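Notes follow once the structure below has been shown.
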Amino acid sequence: MLRDEIVNYLNLLNEKLQLQDVKGEICLYGGAVMCLVYDARPSTKDVDAIFHPSEIIRKAAKDISDEFELADNWLNDGVKGFLVDHPKKVFLNLSHLVVMVADSEYMLAMKSLSARIDGTDSKDIEFLIKHLNLRSVEDVYSIIDKYYPRRIIKPATQFFLEEIFDEMQNDS
């Protein structure tokens with residue numbers, strides 16, 4: 001999904017909530033944030049989010065997926081198992097839907113923990129490192145430590161982060 005498509009679907013969710021006179025709240029993560037907030041990439045395959053009221057928003061999202069022939073999980077809450085308390089900011093404040101996004105430090109912590117080398121995580125992490133003006137793997141760890149205990153960080157994450165910094169140095 002492209003940036004404009006995601007915004008359109010969020011506006012449609014708002015309209016569906018308005019028809020039911022329901023106020024909803026969504027917090028976005030992952031690729032959607034990288035597209036919408038940072039313009040770091042043109043698209044994402046789905047929208048990772050937590051939302052409330054979950055059943056009403058889930059039903060509205062299903063209606064949108066049927067109408068626009070999207071994957072049933074275009075809006076999904078699979079990310080909820082990985083979340084801890086973190087800062088958020090409002091991205092869109094619509095009549096019946098407030099759309100929030102995780103801040104850049106938290107996005108970096110989450111992306112670093114997942115560290116899927118074969119996906120877009122590497123480019124997203126590199127973008128966030130530059131955005132936050134970080135200079136070392138330890139700078140990244142100091143951010144991760146704000147949210148997650150170090151014991152849950154996979155050893156591969158350190159190598160992954162070191163590789164990203166090496167590539168960044170070689171590019172400069």
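The values are calculated or read from the model by the stated rules, or taken from the named source; none is laboratory data. The structure presented is a predicted model; accordingly, all values stated were derived computationally and were not measured. A quick note on method: Cβ atoms are made from the backbone with ideal geometry, for glycine too, and the neighbour counts reach across all protein chains shown.
When you scan region 35-135 for helices (runs of 4 or more DSSP H) that lie fully inside it, which ones turn up with 2 or more residues that are out of contact with any Cys (no Cβ under 9 Å at 6 or more places or on another chain) and of a type in the set (Lys, Arg)? Walk me through it before giving the result.
Details: elements: 54-68, 104-114, 121-131.
Because the criterion is at least 2 residues that are out of contact with any Cys (no Cβ under 9 Å at 6 or more places or on another chain) and of a type in the set (Lys, Arg), the helices (runs of 4 or more DSSP H) in region 35-135 that meet it are 54-68, 121-131.
Within region 1-58, track down each residue that is basic (Lys, Arg), under 22 Å from GLU126 (Cα atoms) and touching a strand residue (DSSP E or B) at 6+ places or on another chain (Cβ under 8 Å). It would help to see each step written out before you state the result.
Within region 1-58, the subset basic (Lys, Arg) is 3, 16, 23, 41, 45, 58.
Then keep just the ones that are under 22 Å from GLU126 (Cα atoms); that gives 3, 41, 45.
Once the filter is applied, which keeps residues that are basic (Lys, Arg), under 22 Å from GLU126 (Cα atoms) and touching a strand residue (DSSP E or B) at 6+ places or on another chain (Cβ under 8 Å), region 1-58 yields only ARG3.
Does LYS146 satisfy the criteria of being modelled with pLDDT of 90 or more and basic (Lys, Arg)? Walk me through how you get there before you give the answer.
Numbers: modelled with pLDDT of 90 or more: yes; basic (Lys, Arg): yes.
Yes: the conditions hold for LYS146.
Any idea which of (1) assigned by TED's automatic domain parsing to the domain that holds LYS16; (2) free of Cβ contacts under 8 Å to residues at least 12 places away in the same chain; (3) surrounded by 14 or more Cβ atoms within 10 Å (Cβ to Cβ) is the one GLU69 doesn't satisfy?
(3)
Would you mind finding the one in SER95, SER112, SER104 that is touching a helix residue (DSSP H, G or I) at 6+ places or on another chain (Cβ under 7 Å), more than 17 Å from LEU10 (Cα to Cα) and at pLDDT 95 or above?
It is SER104.
Scan region 33-56 residue by residue and report those that are closer than 14 Å to GLY78 by Cα, within 15 Å of the chain's Cα centre (by Cα) and of a type outside the set (Val, Ile, Thr).
LYS45, ASP46, ASP48, ALA49, PHE51
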